[in-house]
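Asks: Starting off with a structure, shown below.
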Amino acid sequence: MHDIDTIYIDGRFVTPHGTELFDLHNPATGAVTGRVRLADEEDARTAIAAAKRAFPTFSRTGKAERIALLHRLGDAVAARRDDLLDAVIDEYGAPVSRAAFMVDHPVNVLREAAELLADYPFVRRMGTAEVRMEPLGVAGLITPWNSNAGFICGKLAAALAAGCTAVIKPSEMSARQTQIVTEALHAAGLPPGLFNIVTGRGDRVGAAISSHPDVAKISFTGSTATGKAILRAAADTLKRVTLELGGKSPTIILDDADLSRAIPLAVSAAFMNSGQACIAGTRLLAPRSRLATIEALTKAAVEAVRAGDPRDPETTVGPMVSRTQWERVQRYIRIGMEEGAVLLAGGEGRPEGRLDGTEGWFVRPTLFTGVRNDMTIAREEIFGPVLSIIPYEDEEEAIAIANDTVYGLQAYVLSGDTARARRVADRIVAGRVLINSLAHDPKAPFGGFKQSGIGREYGSFGLDAFLEPKSLLGEGV
Ligand code: NAD
C-alpha cells in the first residue's frame with residue numbers, strides 16, 4: 001500500500017491541514033493500492049504565501065542561475081526514472097509501450113526549458129523604448145491525471161525559466177506519481193518556496209488557487225468545463241490565464257492517401273495514451289469514394305489493437321484511469337448506437353480473453369462508421385479508444401466538417417500529395433496540424449483555437465505566457 005500523507009510547502013514535506021483521505025487504485029485490477037491525505041484551502045493559502053515570499057529574490061536571478069537550476073531538476077527527475085515508470089503503469093495504467101515516453105518527457109521539458117532560456121531575449125529594443133520581459137509573480141499550475149509528471153514538470157519549467165515561483169495542484173488521482181516527482185524535485189535542493197505542491201480536490205484547492213489575489217498567473221491543463229470555471233474564478237483579480245483544454249481532433253484522409261500508411265497512423269492518432277489524450281484524432285474523415293476500403297482496413301486495424309494488461313509490451317490500449325472514466329466511455333458507446341452510428345469493431349463491455357478474473361477498467365477499442373458530424377460521439381470528447389468514421393464527398397466538405405467543432409486543438413491530414421495536404425492544412429482551424437505524421441516538436445507552440453483553450457505552451461510562446469512586457473522610455477534608456 002502506498003500511503004501518502006504529506007504535501008510540499010516551502011521546501012519541506014509537511015502534514016496537510018486537510019484531513020480527507022482519497023483512495024488510489026490500480027486501474028488494471030480495480031484494487032485500492034493506497035491512500036492520499038488531501039490538502040485543503042488552508043494548505044493552498046500556506047503554499048501561496050511561501051511562493052510569494054520566495055518571489056522577490058528569485059525573480060531577480062539571472063539566466064545562468066535558472067539554467068543551472070533547471071538542469072538540476074532535470075537530472076533529479078531522471079534519477080527517479082524507474083520508480084516513476086512503475087507508478088505510471090500501476091497508478092495510471094499506461095501500457096509499457098507508452099510509459100517510457102511518459103517518464104522521459106518530464107525530464108526533456110526541464111532540459112528544453114534550460115536550452116530555450118539561453119537564447120531568450122528578456123530585454124528588447126522597440127523604437128526608443130527598452131522593453132523588459134518581467135516575471136508575473138506567483139503562478140498556480142493545475143494539472144490533469146493523464147500525463148501527470150509531464151504536466152507538472154512542463155509548467156514548472158516554464159514558470160521557473162521566467163522567474164516566477166509556483167504552487168502546483170496536481171490531479172488527486174495521480175498522487176503516487178506526484179509523490180515521486182516531488183521527492184525528485186526536492187532532491188535537487190532549490191531554495192525553499194520556489195515550488196510548492198499541494199495535492200487536493202479541484203473544487204477546493206484548485207478553486208482557492210484560481211481566486212487568490214496573490215496568484216498572478218494560472219496555467220491549467222484539463223477539461224473545457226473546468227477551464228471555464230477557472231477563467232471565471234480568475235476574472236476578479238484579472239489573472240493571466242493559460243488554458244490547455246479538450247479536443248475533438250479530425251484526421252482527414254484525402255482520396256489520394258496511401259492507405260497502408262494512413263490507416264495505421266489514423267488508428268495510432270485515435271488510440272494514443274489509451275485514447276485518453278486531448279490531441280487524439282477521434283473523427284476520421286473518409287472520402288466516400290474510398291469509404292468501403294477505409295472501413296474494412298480500419299476495422300481490421302482496430303481489431304488488431306491489443307487492449308489489456310499494461311505490462312504486456314504488445315498492449316497499446318491499457319485500462320481507463322478510473323471507474324468513472326470507464327463508465328463514461330461505455331455511455332458514449334451506447335449513445336453512438338442509439339443515435340444510429342454503425343458499430344464496426346469493439347462495443348460495450350470489457351475485451352474478451354486475456355483479462356479473465358480481473359475487475360480492471362478495460363474497454364474495447366471501438367470503431368463506428370456512418371457517423372454524422374452532428375452526432376454526440378462526433379461532438380463531445382470521449383477520452384477513451386472510440387473512433388468515428390465520418391464520410392465526406394469532396395475536399396471542401398472535408399475541411400468544413402473538420403472545422404465544424406467547438407474545439408481546435410490538433411488535426412491530422414493524410415495524403416499522397418504533400419502540397420495538397422499543405423493547402424488543406426492551411427485551412428484547418430487548430431493549434432497544430434500534422435501532415436502524414438504524429439510528430440511533436442517541443443520548440444513549436446502547443447495549444448488550442450476556440451474552446452480548446454487560451455494561450456500556448458512550449459517554446460518561446462510558452463515562456464512569454466509567464467512574463468509581462470514593461471517599457472522604459474525617456475532619459476538614460
Ligand atoms: P479536469 O478538468 O477534471 O481536472 C483537471 C485538474 O483541474 C485536476 O487537477 C482537477 O482537480 C482540477 N479542478 C477540477 N475542478 C476545478 C476547479 N473548479 N477549479 C480549479 N481546478 C479544478 O480534467 P481531467 O479529467 O483531470 O483531465 C482530462 C481532461 O484534460 C480532458 O478534457 C482533456 O482533453 C484535457 N487535457 C487537455 C490537454 C491539453 O494540453 N490541451 C492535455 C491533457 C488533457
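Asks: Would you mind checking which residues have amide H under 5 Å from Arg35's amide H? H placed 1.01 Å from N; only 5 or more apart, or other chain.
Replies: Placed amide hydrogens put His2, Asp3, Ile4, Leu24 under 5 Å from Arg35.
Asks: Okay, next question. Could you tell me which of the pairs Lys63/Lys470; Lys239/Lys443; Lys52/Lys443; Lys239/Lys450 are separated by over 23 angstrom between their Cα atoms in the structure shown?
Replies: Lys239/Lys443; Lys52/Lys443
Asks: Against the longest alpha carbon principal axis of the chain, how many degrees, from 0 to 90 and to the nearest 10, is the axis of helix 175-187 turned?
Replies: 40 degrees
Asks: Distance in nm between label sites at Arg323 and Asp404, each 7 Å beyond Cα in the beta-carbon direction?
Replies: The modelled label-to-label distance comes out at 3.9 nm.
Asks: While we're here: Can you tell me what share of the DSSP beta bridges in the chain is antiparallel? A percent to the nearest 5 is fine.
Replies: 40 percent
Asks: Can you compute the modelled spin-label distance between Arg423 and Lys443, with each label point 7 Å from Cα toward Cβ, in nm?
Replies: 3.0 nm
Asks: Tabulate in residue order the Karplus-calculated ³J(HN,Hα) for the range 68-79, using 6.51 cos²θ - 1.76 cosθ + 1.60 with θ = phi - 60°, rounded to whole Hz; enter x for Gly and Pro.
Replies: Per-residue couplings from phi come out as 4, 5, 5, 5, 4, 5, x, 5, 5, 6, 4, 5 Hz.
Asks: Gain in length, Ser260 to Ser471, computed as 0.36 nm per residue apart minus the alpha-carbon separation, to one decimal in nm?
Replies: Going from the current span to full extension adds 70.5 nm.
Asks: State to the nearest 20 debye the size of the charge dipole of the range 214-349 about its Cα centre, where the only charges are +1 on K and R beta carbons and -1 on D and E beta carbons.
Replies: That gives a dipole near 480 debye.
Asks: Another question about this same structure. Would you grab the residues whose amide H sits under 5 Å from the one on Leu367? Only those 5+ places off in sequence or on another chain, please, with H modelled 1.01 Å from N.
Replies: Answer set, sorted by chain and number: Leu344, Ala345, Gly346, Gly347, Leu387.
Asks: Contour minus end-to-end for Ala187 and Arg311, with contour as 0.36 nm per residue of separation and end-to-end as the Cα-Cα distance?
Replies: Additional length available on full extension: 41.7 nm.
Asks: What is the list of residues in the range 169-212 whose amide nitrogen lies under 18 Å from a point 7 angstrom out from the Cα of Leu238, following Cα to Cβ?
Replies: From the range 169-212, the list is 211-212.
Asks: Put a dot 7 Å past each Cα toward the Cβ at Thr293 and Phe122; how far apart are the dots in nm?
Replies: Simple spin-label model gives 5.8 nm for this pair.
Asks: What does the extension gain come out to for Val342 and Glu396, with contour length at 0.36 nm per residue minus their alpha carbon separation?
Replies: 17.0 nm
Asks: Another one. Quick one: Karplus J couplings for the range 412-423, per residue in order, coefficients 6.51, -1.76, 1.60, θ = phi - 60°, nearest Hz, x for Gly and Pro?
Replies: After applying 6.51 cos²θ - 1.76 cosθ + 1.60, I find 10, 10, 10, 7, x, 10, 5, 5, 5, 4, 5, 4 Hz.
Asks: Taking H as built 1.01 Å from N, whose amide H comes closer than 5 Å to the amide H of Ile218, not counting residues under 5 places away?
Replies: Gly140, Arg240, Val241, Thr242
Asks: Taking a label point 7 Å from the Cα of Ala100 along the Cα→Cβ vector, which residues of the range 302-338 have an amide N closer than 18 Å to it?
Replies: From the range 302-338, the list is 306, 310-318.
Asks: Okay, next question. Quick one: 3J(HN,Hα) in Hz for the range 338-352, Karplus 6.51/-1.76/1.60 with θ = phi - 60°, rounded, Gly and Pro as x.
Replies: Ordered by residue, 3J(HN,Hα) equals 5, 8, x, 6, 9, 7, 9, 8, x, x, 5, x, 9, x, 7 Hz.
Just so you know, all these numbers are worked out from the coordinates, no wet-lab data involved. Since we're looking at a predicted model, the values are computed, not measured. Please note: Cβ atoms are built from the backbone with ideal geometry, for glycine as well, and neighbour counts cover all protein chains shown.
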